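Can you read through this structure? Questions will come right after.
The values are calculated or read from the model by the stated rules, or taken from the named source; none is laboratory data. Everything numeric here is computed off the predicted structure, so don't read it as measured data. FYI the Cβ positions are ideal-geometry reconstructions off the backbone, even for glycines, and counts take in every protein chain you see.
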Amino acid sequence: MKKTNAIMTSAVLLCLLTGCKDASADLNDKDTVLFKVGETTVTKGTVYDMLMNSAASDTIMNSVQKKIAAKEIEITDDIKKDAQETLDMYVEYYGDSFTSYLEQLGMTTEDYLNESLIPSIQVEQLSEKYVNENFASLAETYKPVKAILIDFTEQADADAALEELKNGSDPADVASTHNSSSSGTAMVYTTESSSVDSLVRTTMLNGMTADDGWTMIPASDGSSFSIVKIEETDPEKFHDDAVSTLRTLADVSTASTRYWLEKYSFHVYDITAYNAIKNEHPEYLIQDGSPETEETEETAETTEPTE
Amino acid sequence: MGTFLKKNWFIALVICIFTFISIYVIYDTNKGKLKGKTEGGEDVIYSVGDENVTSSQFYDELFESGGSDTVLTLFQKAVADASVETTDEMKEIASQQAESIISSYRSNYGSDYEKHLNADLASIGSPDLESYLITSQKISSLIGDYAKAHFDELKIRQISYILIQFEDPANASETPTADEQARMDAVDAAFAEGKEFAEVAAQFSEDSSTASNGGVLGVIDANTTSLDNAFLTKSLELAEGEISDWVYSSSFGYFRIMCTAATPETLEANNTDTDPYTSLINSYDNTLGNKAVWEKAQEIGIDYNGNEEIEKLITSAFAEKETEGE
């Protein structure tokens, strides 16, 4: 009896130890035969496994964002108009091959409009909504300014242009007259404006104001010369342009997606899907905690004072 | 109980410590495991908000995004597996190819290569590189057998050519200039001396991509629409061993074309190092794949198990394309 109890207890402990593994979701009808060629059978499970291996991450992330967008973004007349214009453009540009493509998917143009184009626009507007809801903190982080920036490779061109600009000449005309490829129009620049030389960018975003007028700033390596005029430093005064620029920043886009995933408690319960997302977008597995928290912990470990 | 514990306190202590360690090991082993969820008797893949997406719902989402292509790929693979046996030679070739591919990934990605290779394999739905390469060989073999079986219908030819280019391409005409005629006469004179086509091509052909190789173009057929139309039309008319007269091409100049093989026997005898049908499929006719797979599938027999949607998907992809090619 004692021996039996000991064996039973050991068996239970062994089961507890080894029986728990990462969850793997199964199709209840995976053995349903889709077709058979000779003796080779293809089941629903075969198709499911192949699609899970190839498309799980993208399918989940696309679907999740559409579901969130459907709850957060109202379908306005503007959205419908934009979607219809895109559809009309596809039909005109691709003609019969587009409609054939839809037929293969079992869709009409109306289905495509409502199930693909409109949801895509709603998803795009999620990042815009995120930026609007967090505008103050994002503006503080990325320091957007509205400015005209004209680049020159030759100092002589830059000097001549500067004089003309100070005399009130049109920036676009000055740019083209003096061999610059810049448009001469006002744009929004941020700390992430990588097309701008680092010294020029730092100077523009830290302390320059509209009162400085036209200013020449050489590039950090001296290979080019930028003439800059700050139009506006208060992001609220060019709010829409600032939002348009901020939402395109990679870090903001990621932060936006995480924000919505956290708000809607996105969670994955299948190990294949989990690993697929971890491989491509680990930052979106909010169930694993914040990447900042992990970095902070690592930093804390390295900065612990030595005794 | 109290008496038992007093008498056997040491054993009781050992049991307690063992139990504690067991519980801790079980907890530690399992704490990092991904926990599952079910709803309505089905496994849940993910949840967002108050919505749980079950495996059958996710199957529908996956199928919508890429199911059609996956079914067609699996159909092609099923036909290949049902009709072509896996040989040791195939396994050996696949092993060598895999080694070369892995070496290439290692060279490009360093120690991280496995991650990139696995991601690329996952994107084509094939977890195993060698299996994928064996399937590719089977499909090539299937298509090659189709080409051989329809040799005459496809008008398969192995072709070589000599090109005399226009003196002034912007002002070319069907009547050669004196300079062009002189160059063409030199070719004709070489043939009159009894020189072989390959030798004449190497000496006189003005197409640098083929001249040094004796003017060899390769294996073509009636579907090789990438070639100049006049060139293709004449090539397909030639009998085995026949050399054409000068053929005018408004795009390139003047050709003399030789058909070096117009029968399966000659074609295979001319190409002992490489499979001529694989060369045809890879270089000059990519339309044969669906036709070959469909014909073989009809021969073997397809059972759609009542799945009308799957049947429609497969027949529209393979059968209609076969009809278009007729």
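Looking at the stretch B:69-76, can you tell me whether even one residue there is among the hydrophobic types (A, V, I, L, M, F, W, C), out of contact with any His (no Cβ under 7 Å at 6 or more places or on another chain) and free of Cβ contacts under 8 Å to residues at least 40 places away in the same chain?
Scanning the stretch B:69-76 turns up at least one residue that is among the hydrophobic types (A, V, I, L, M, F, W, C), out of contact with any His (no Cβ under 7 Å at 6 or more places or on another chain) and free of Cβ contacts under 8 Å to residues at least 40 places away in the same chain.
Follow-up question, since we're still on this one. Need the failing condition index for B:Tyr161 against (1) modelled with pLDDT under 95; (2) within 16 Å of B:Gly241 (Cβ to Cβ); (3) not polar (S, T, N, Q), just the number.
All conditions pass for B:Tyr161, except number (1).
Residues that are among the hydrophobic types (A, V, I, L, M, F, W, C) and buried (at least 16 other Cβ atoms within 10 Å of the Cβ): find the helices (runs of 4 or more DSSP H) completely inside the stretch A:54-145 holding 3 or more of those.
Ranges flagged: A:77-94, A:118-133, A:135-142.
Another question about this same structure. Within the stretch B:165-187, is even one residue part of a loop (DSSP other than H, G, I, E, B) and among the aromatic types (Phe, Trp, Tyr)?
We begin by selecting, within the stretch B:165-187, every residue part of a loop (DSSP other than H, G, I, E, B); these are B:166-168, B:172-177.
Those left that are additionally among the aromatic types (Phe, Trp, Tyr): B:166.
Yes; the residues of the stretch B:165-187 include at least one that is part of a loop (DSSP other than H, G, I, E, B) and among the aromatic types (Phe, Trp, Tyr).
A:Ile68 fails exactly one of the following numbered conditions: (1) at the interface with chain B (Cβ under 8 Å from one of its Cβ atoms); (2) modelled with pLDDT under 95; (3) under 36 Å from the mean Cα position of the chain (by Cα). What is the number of that condition?
(2)
Among the helices (runs of 4 or more DSSP H) contained in the stretch A:158-259, which hold 3 or more residues that are free of Cβ contacts under 8 Å to residues at least 60 places away in the same chain?
A:171-177, A:198-205
Given the conditions (1) within 14 Å of another protein chain (Cβ to nearest Cβ); (2) loosely packed, with under 14 Cβ neighbours inside 10 Å; (3) within 22 Å of B:Phe318 (Cα to Cα), report the number of the one that B:Asp120 does not fulfil.
(3)
So which residues in the stretch A:31-58 are in contact with a Gly (Cβ under 7 Å, 6 or more places away or on another chain) and at negative phi?
Of the stretch A:31-58, the ones in contact with a Gly (Cβ under 7 Å, 6 or more places away or on another chain) are A:31, A:38, A:47, A:50-51, A:53-55.
A:Asp31, A:Val47, A:Met50, A:Leu51, A:Asn53, A:Ser54, A:Ala55 - these are the residues of the stretch A:31-58 that are in contact with a Gly (Cβ under 7 Å, 6 or more places away or on another chain) and at negative phi.
Of the residues that make up the stretch B:194-203, is at least one acidic (Asp, Glu) and free of Cβ contacts under 8 Å to residues at least 12 places away in the same chain?
Yes, some residue in the stretch B:194-203 is acidic (Asp, Glu) and free of Cβ contacts under 8 Å to residues at least 12 places away in the same chain.
One line per residue, one yes/no per condition, for (1) surrounded by 15 or more Cβ atoms within 10 Å (Cβ to Cβ); (2) within 24 Å of B:Thr278 (Cβ to Cβ):
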site	(1), (2)
B:Arg157	yes, yes
B:Tyr161	yes, yes
B:Asn171	no, no
B:Val219	yes, yes
B:Leu238	yes, yes
B:Ser244	yes, no
B:Tyr254	yes, no
B:Met258	yes, yes
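One line per residue, one yes/no per condition, for (1) modelled with pLDDT under 95; (2) within 14 Å of another protein chain (Cβ to nearest Cβ):
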site	(1), (2)
B:Ser226	yes, no
B:Glu242	no, no
B:Trp246	no, no
B:Thr260	no, no
B:Asn305	yes, yes
B:Glu309	yes, yes
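Counting just the residues of the stretch B:123-152 that are farther than 30 Å from A:Ala276 by Cα and free of Cβ contacts under 8 Å to residues at least 40 places away in the same chain, which one comes out surrounded by the fewest Cβ atoms within 10 Å (Cβ to Cβ)? I'd like the intermediate steps shown before the answer.
Start the filter on the stretch B:123-152 by keeping residues that are farther than 30 Å from A:Ala276 by Cα, which leaves B:140-152.
Next, from what is left, pick out any that are free of Cβ contacts under 8 Å to residues at least 40 places away in the same chain: B:149-150, B:152.
Details: B:Ala149: 13, B:His150: 16, B:Asp152: 10.
Selected residue: B:Asp152.
Test B:Ser235 against the stated conditions and say whether it is more than 14 Å from chain A (Cβ to nearest Cβ), in a helix (DSSP H, G or I) and modelled with pLDDT of 95 or more.
Answer is yes for this residue.
With the structure loaded, tell me whether B:Leu62 is assigned to a helix (DSSP H, G or I), out of contact with any strand residue (DSSP E or B) (no Cβ under 9 Å at 6 or more places or on another chain) and under 30 Å from A:Tyr269 (Cβ atoms) or whether it fails that test.
Against the criterion (assigned to a helix (DSSP H, G or I), out of contact with any strand residue (DSSP E or B) (no Cβ under 9 Å at 6 or more places or on another chain) and under 30 Å from A:Tyr269 (Cβ atoms)), B:Leu62 qualifies.
Right, another one. Return a yes/no flag: does the stretch B:17-39 have any residue that is away from chain A (no Cβ under 11 Å), under 30 Å from B:Tyr146 (Cβ atoms), free of Cβ contacts under 8 Å to residues at least 40 places away in the same chain and of a type in the set (Val, Ile, Thr).
Checked against the condition, which is being away from chain A (no Cβ under 11 Å), under 30 Å from B:Tyr146 (Cβ atoms), free of Cβ contacts under 8 Å to residues at least 40 places away in the same chain and of a type in the set (Val, Ile, Thr), the stretch B:17-39 yields no hits at all.
Please verify whether the stretch A:279-299 includes one or more residues that are among the hydroxyl-bearing types (Ser, Thr, Tyr), in a helix (DSSP H, G or I), closer than 30 Å to B:Glu42 by Cβ and modelled with pLDDT of 95 or more.
Yes: one or more hits.
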